1. For region 66-120, what is the relative contact order in percent, using Cα pairs closer than 8 Å and at least 6 residues apart in sequence?
2. Please report the relative contact order for the chain, taking Cα pairs under 8 Å with a sequence separation of at least 6, and give it as a percent rounded to a whole number.
3. Measuring from centroid to centroid over Cα atoms, what is the spacing of region 1-16 and region 51-70 in Å?
Amino acid sequence: MNNNCNECGKDTSFGTGLFVNRVVADNGYLCPICMQLDCDRCSFPIEVDDDIRINGETIIHYNCATAEEKEILQLKDRLDSLAHTCSILQESLEVIADINSEEDPVRIAQETLEALAVKEI
Ligand SMILES: [Zn+2]
Ligand SMILES: [Zn+2]
């Protein structure tokens, strides 16, 4: 097993700057650059932590999401952060995550947040 990246052949050994973030792959390593996924919208690579999954499979930059997708993501984040303390949210989240659902995810998310707000008071 050598220290070169399987994809681009760059040396990823200690001191190269690629050592810390390299990942073990078949018979070698992948450097952090080759590990980056390409955006399904603009085709440019996505930095770690800037990736967003739409419907569990499309991977894009946050900035490549449509306004509506960003709205859904923000609502979903709020629901996700509440869900671990509140089991009634699970059902709503499942509906929102289900791409085949005929329900409007934005409406479901808003209704759920409204229902929770009322409950908290
Ligand atoms: Zn590489
Ligand atoms: Zn993009």
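All of the numbers you see were taken from the coordinates with simple rules; none came from a lab. Keep in mind it's a predicted model, so treat the numbers as computed, not measured.
1. Details: 33 pairs, mean separation 18.7, N = 55.
This gives 34 percent for region 66-120.
2. Working: 129 pairs, mean separation 16.0, N = 121.
The value is 13 percent.
3. Measuring centre to centre over Cα atoms gives 31 Å.
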